[in-house]
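Taking it in order: structure first as structure tokens, then the write-up.
The values are calculated or read from the model by the stated rules, or taken from the named source; none is laboratory data. In this text the structure is predicted, and so the values were computed from the model without any measurement. Note: ideal-geometry Cβ built from the backbone for every residue, glycine included; neighbour counts use all protein chains shown. Keep in mind that these areas ignore ligands, DNA and RNA; they rest on the heavy atoms of the full protein, side chains included. Shrake-Rupley method; radii C 1.70, N 1.55, O 1.52, S 1.80 Å.
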Amino acid sequence: MTNMRTYFAAALAMASATPALADTTLASGPVTVQIGGFLASEGVYRSRSETADIGSSYSGVPFANQSTGHMSETRFTARQSRLTIMATADVNSDTHLTFWNEMDFLGAAQTANSNESNSYNLRIRNMYTTIDWDSLGLQLLAGQNWSLATANTHGITPRNELVPTTIDAQYVVGFNWARQPQLRITKNWNKEFWLAVSVENPQTTFAGNAAAASGVTVVSNHAGGSLLANVNNFSLNHIPDVIGKIAWEPFIGDSQPLHMEVYGVYRDFYDRTLVAASNPLGLAVGNQNNDTTGGGVGGTITWSAIPKILDLQATALTGSGIGRYGSGQLPDVTFRPDGTLAPIQETTWMVGATWHVSPLLDLYAYDGQEAQKSKTFTVGTSTIGLGSPTLNLSGCLVEGGSCSANVETENQINAGFWWRIYQGKFGSFRFGAQYSYIHLTAFGGAGGIKPTTDDSMVFTSIRYYPF
């Protein structure tokens, strides 16, 4: 009976104790493991149906010829919920190892649908390892991470990327980024200057209406093979993308309120042409592989205009064949008459501001643009390429009409807020809302017809960060 009374008293004490947040840091020998992430319940309304989840398809906003261009859509989703796992270890006082794994549920296998079970699969966002040598100021990164072309908030260091705080998983038009496999090395001097070079997985996107002259056959992509989705086409890559970046954070007094960075991108575009005797260009009959180079130069400036209250940022990128790095996903290349790939000239920019109204409330706004120049070629009496002025685009204005317009510019504005309803030892509970407006303008066609379209979008998000 004495033992029973002791057990009962212990159980009663445990039941009445205030629950504490579980420690998310686990020790496994010399390795420390930390768990993070959040649960998200989100919704989106679009004035024109893109048939898209929480990540919008900016270049896919339908024109008036499509029935979806006259219909709105509303969707609810939990797929942007995220899980992160980080393992760190100190080999010695100078050498440090990190493993980072970041996942969400925005993958969509062929079996994924919203009919009943809403079964969508886990996907890699970022998964990489880093080695840091403090005395040398060096870091080696290997695996999948944000591209080096993505802006940073501090230095050139992973997990410090300057990603727009939008609910929309496609972020903002004018924001340049990719998440892809890479090998990167970074050197810093006194944590004031940084220099980095990255070799990254390539991929080429192609313009609509792209075609070579008659008698010239082009092989530029192929359906996925082993361990790649066979419902998707993949470009025939030859040389990886190479990106170099420098960053500077000058000391002003005892702080570093400015972050400035400049980077360059080198790209290679690869295809094979099969030339027949009946071609109108007089090309020699035969088959050959072709490499065409492209690239661009970009930069970002961030400024803590009022420390802990107002943050400002501006970013831009210009070059040829850089479309896939923009959130708007305009194409990289079109075809020349001889079948070789022609990089498309593009310029992107984005500005943003975040106002920390209080420790619990942030307001944000972004404005961005992605714009391309036409890339056309004349073959006899025909004009081919991107933005041909001879295209008949009258069908773009009538529902059910035939429309082969190429987008020339994308403009977008965003505004929203994040409110931390609760923040304490049990984590953080947040509510956010966002309004977004995007406007697309196509290249003009025959008769001066220049189709346009737009989309108004409203997003909401409820997130719980337990860690």
Exercise. Inspect all residues belonging to region 258-275 and state whether any of them is open to solvent by 10 Å² or more (accessible area, probe 1.4 Å), farther than 22 Å from S147 by Cα, of a type outside the set (D, E) and not in a strand (DSSP E or B).
Key: no
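Which is in a strand (DSSP E or B) and within 11 Å of the chain's Cα centre (by Cα), of Q139, Q180, Q144? Let's see the steps before the verdict.
Working: Q139 fails: within 11 Å of the chain's Cα centre (by Cα); Q144 fails: within 11 Å of the chain's Cα centre (by Cα).
Matching residue, one of Q139, Q180, Q144: Q180.
With T204, T165, T130, T111 as the choices, which residue is part of a loop (DSSP other than H, G, I, E, B), under 22 Å from the mean Cα position of the chain (by Cα), among the β-branched types (V, I, T) and surrounded by fewer than 22 Cβ atoms within 10 Å (Cβ to Cβ)?
Details: T204 fails: surrounded by fewer than 22 Cβ atoms within 10 Å (Cβ to Cβ); T130 fails: part of a loop (DSSP other than H, G, I, E, B); T111 fails: under 22 Å from the mean Cα position of the chain (by Cα).
Going through T204, T165, T130, T111 in turn, just one is part of a loop (DSSP other than H, G, I, E, B), under 22 Å from the mean Cα position of the chain (by Cα), among the β-branched types (V, I, T) and surrounded by fewer than 22 Cβ atoms within 10 Å (Cβ to Cβ): T165.
Could you list all residues from region 207-227 that are under 21 Å from Q345 (Cα atoms) and either under 22 Å from the mean Cα position of the chain (by Cα) or open to solvent by less than 20 Å² (accessible area, probe 1.4 Å) (or both)?
The first filter runs over region 207-227 and keeps only residues under 21 Å from Q345 (Cα atoms), leaving 207-212, 220.
Correct list: A207, G208, S220.
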Self-check item: Filtered residues of region 416-452 (kept if closer than 21 Å to V351 by Cβ, out of contact with any Asp or Glu (no Cβ under 8 Å at 6 or more places or on another chain) and surrounded by 16 or more Cβ atoms within 10 Å (Cβ to Cβ))
Solution: G416, G432
Practice problem: Take the residues in region 300-342 that are open to solvent by 20 Å² or more (accessible area, probe 1.4 Å) and among the small types (G, A, S), then tell me which one is farthest from V218 (Cα to Cα). | Solution: A305
Quiz item: Q372 passes all but one of (1) open to solvent by 40 Å² or more (accessible area, probe 1.4 Å); (2) in contact with a helix residue (DSSP H, G or I) (Cβ under 8 Å, 6 or more places away or on another chain); (3) without any contact (Cβ under 8 Å) to a residue 60 or more places away in the chain; (4) not hydroxyl-bearing (S, T, Y); which number fails?
Solution: (1)
